[in-house]
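In what follows, a structure is listed as structure tokens, so that the remarks can point back to it.
The values are calculated or read from the model by the stated rules, or taken from the named source; none is laboratory data. For clarity, every value in this text was computed on a predicted model and none was experimentally measured. Using ideal geometry, Cβ is built from the backbone for each residue, glycine included, and neighbour counts are taken over all protein chains shown. Remember, those area values only see protein heavy atoms, side chains included, never the ligands or the DNA or RNA. Shrake-Rupley method; radii C 1.70, N 1.55, O 1.52, S 1.80 Å.
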Amino acid sequence: MDIERIRQQFPVFSIPTLKDSVFFDGAAGTQMCKSALDASVRSAIEHNANLGGHFSTSTLARQEIDRARCAAAALVNANCAEEIVFGHNMTTLTFHLSRCLGRSLRKGDEIVLTRSDHEANISPWLELAKDLELSVRWLPFDSQTYGFDISEIESSITERTKIVALSYANNITGTINDVALVAALARRKGAIVYIDAVQFAPHGVIDVQALGCDFLVCSSHKLYGPHHGILWGRLEVLEALIPYKPRPTSDSPPYKLETGTKSREAIAGILGAIDHLAWIGREFGGASEQSDKRQQIVAGTRTVVEHEQGLVQQVLDGLKGFEGIRIYGYCEPSELSRRVPTLSFTLESTPSEVVSQHMAEQGIRLWHGNNFSTETIGALGLDQNDGVVRISLAQYSSQDDVQRFLSALDRFSCPASHRPHRR
Ligand SMILES: Cc1ncc(COP(=O)(O)O)c(C=O)c1O
């Protein structure tokens, strides 16, 4: 992958005050690619009308949303575009969905959550459990894999389990969890499987058919698009759902779950972001103009993953030599395919906040703290406020970025004479 050509697709790198930044904050939100920005602006100018009218701006807006739905269906390998629901963001979609699913739950029913999840896939279910007096069972955090512990699934998922909510990749440690295994067991017991793929989606090929889940949700703003959420739901499950909606809103999926006026410019931007991924597949991944969109997306994603894994190795090689550093996640070259390029660490002698302030002064944008993963941070025995220093690489990250980050981190290492382990 030609990194310079990728970076040219991101207008932020042509802004004088920003072009020298290192954007290692992608797990919280990536920069927007040109095709997403162009599509959003075009939608706001050329198709700025609500849906359902006979006039051209309305019909064009509708067509664009239909195309975005088809593209999102190709992204996750859905059966049809009606399985794609757009919403404000993953968190809001999950609160909404949890309320709708709760309509068919009864006191004493069980739900299974994991201690490897972001709060966006915990709090909605805990609130539901409180309201309906459901029992909550937890899959513990596994300090060996830095994800959830699957050895406990047989005892955690029972005949009474109605929902299993779990994350594809941990947003602190980067571990890719074996969600297909859990989904298979959960479905055998008749439970609904809800997967948070927010952190996995930018770094791996999603195939909801192979996963065997019922819902999968991700964020466009971590996929180089605008701030918006994308939810996939199995059609028959969506059809059976009793939604909270205004009476005149359609009773059919996906419309019954998309209440109120849609953010047409965000949805158009999602189409632009997925087109960008398909473009990478054609330019660098060996897909042709004739390949269908899914093939182009898969080829684009694989190309990005290969690039990112090379950078993760470079980061790990640099970090491992630091004395007093603790990295939370897979670190060995043979383990790279088991993680996404989000790496968290703490330094023995320096608070994470101090590292993050220093990096900000150097133009290196990264996050510290718990990143809304309070269960993971608790399981790692870390302070909830100071948490970890987290860097998250993206398709536009370069070897140069990694080098700048490692050099900036050098400020916190001991003098050379006191660093026997430094490579
Ligand atoms: C794993 C994970 N799930 C969910 C979310 C929430 O996503 P959204 O910003 O779309 O609400 C985040 C945000 O960082 C996340 O990392």
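At a Cα cut-off below 12 Å, give the aspartates and glutamates reachable from Lys107, other chains included and same-chain residues fewer than 8 away excluded.
The qualifying aspartates and glutamates are Asp131, Glu133.
Under the classification rounded if a/c is under 1.5, otherwise prolate if a/b is larger than b/c and oblate if not, where does the range 37-273 fall, given a ≥ b ≥ c as square roots of the Cα gyration tensor eigenvalues?
Prolate.
Given Cβ point charges of +1 (Lys, Arg) and -1 (Asp, Glu) and nothing else, what value in debye, to the nearest 20, does the dipole of the range 37-273 about its Cα centre take?
Value, rounded to 20: 560 debye.
For the chain, count all C-alpha to C-alpha pairs, find those more than 42 Å apart, and express that count as a whole percent of the total.
Values: 12252 of 89253 pairs.
Above the 42 Å cut-off, the chain has 14 percent of its Cα pairs.
Compute the separation of the alpha-carbon centres of the range 228-256 and the range 55-116 and state it in Å as a whole number.
Between the Cα centres of the range 228-256 and the range 55-116 lies a distance of 7 Å.
Given 5 Å bins starting at zero, what is the percent of C-alpha pairs of the range 17-120 in each, up to the one with the largest pair distance?
Percent of Cα pairs in each bin: 2, 9, 11, 15, 18, 16, 12, 9, 6, 3, 1, 0.
How big is the accessible area of Met32 in square angstrom, nearest 10, if you roll a 1.4 angstrom probe over the protein chains?
Here the residue's solvent-accessible area equals roughly 50 Å².
Between rounded, prolate and oblate, where does the range 34-73 land on the alpha carbon gyration tensor, with a ≥ b ≥ c its root eigenvalues, rounded for a/c under 1.5, else prolate if a/b exceeds b/c?
Since a/c reaches 1.5 but b/c is at least a/b, the shape of the range 34-73 is classed as oblate.
Multiplying the sequence separation of Glu152 and Arg103 by 0.36 nm and subtracting their Cα-Cα distance, what value in nm do you get?
So the chain would gain 14.8 nm between Glu152 and Arg103.
Using +1 on the beta carbon of Lys and Arg, -1 on that of Asp and Glu, and nothing else charged, what's the dipole of the chain about the Cα centre, debye to 20?
540 debye
For the range 1-98, which trypsin sites (Lys or Arg not before Pro) pass both filters: DSSP loop (anything but H, G, I, E, B) and at most 15 other C-beta atoms within 10 Å?
Taking the range 1-98 and a limit of 15 other Cβ atoms within 10 Å, the loop trypsin sites (Lys or Arg not before Pro) found are Lys19.
Under the 0.36 nm per residue contour assumption, what length would be gained going from the current alpha-carbon distance of Ala49 and Ser288 to full extension?
So the chain would gain 82.5 nm between Ala49 and Ser288.
What FRET efficiency do you get for Glu353 and Val136 if R0 is 30 Å and r is their Cβ-Cβ distance, rounded to the nearest 0.05?
Numbers: r = 32 Å, r/R0 = 1.07.
Using R0 = 30 Å, I get an efficiency of 0.40.
Which pairs break 25 Å Cα to Cα here: Lys130/Lys162; Lys189/Lys256; Lys34/Lys222; Lys130/Lys189; Lys34/Lys293?
In this structure, Lys189/Lys256 exceed 25 Å between Cα atoms.
What is the antiparallel percent of DSSP beta bridges lying wholly in the chain, to the nearest 5?
The answer is about 55 percent antiparallel.
What is the gain in length, in nm to one decimal, between Glu119 and Gln313 on full extension, counting 0.36 nm per residue of separation less the C-alpha to C-alpha distance? Kindly include the intermediate steps, with their values, before the conclusion.
Working: separation 194, 0.36 × 194 = 69.84 nm, distance 2.89 nm.
Extending this stretch completely gives an extra 67.0 nm.
Rank by packing, highest mean first: peptides 283-290, 179-186, with packing defined as the count of other Cβ atoms within 10 Å averaged across residues.
179-186, 283-290
What does the helix-only formula give at 222 nm for the chain: each DSSP H stretch with n ≥ 4 adding -39500 (n - 2.57), the total divided by the residues, and the result rounded to the nearest 500 deg cm²/dmol?
-12000 deg cm²/dmol
Which one of Pro243, Val205, Thr175 has its Cα pushed farthest toward the positive end of the charge dipole of the range 164-322, where Lys and Arg give +1 and Asp and Glu give -1 at the Cβ?
The one lying farthest along the dipole's positive direction is Pro243.
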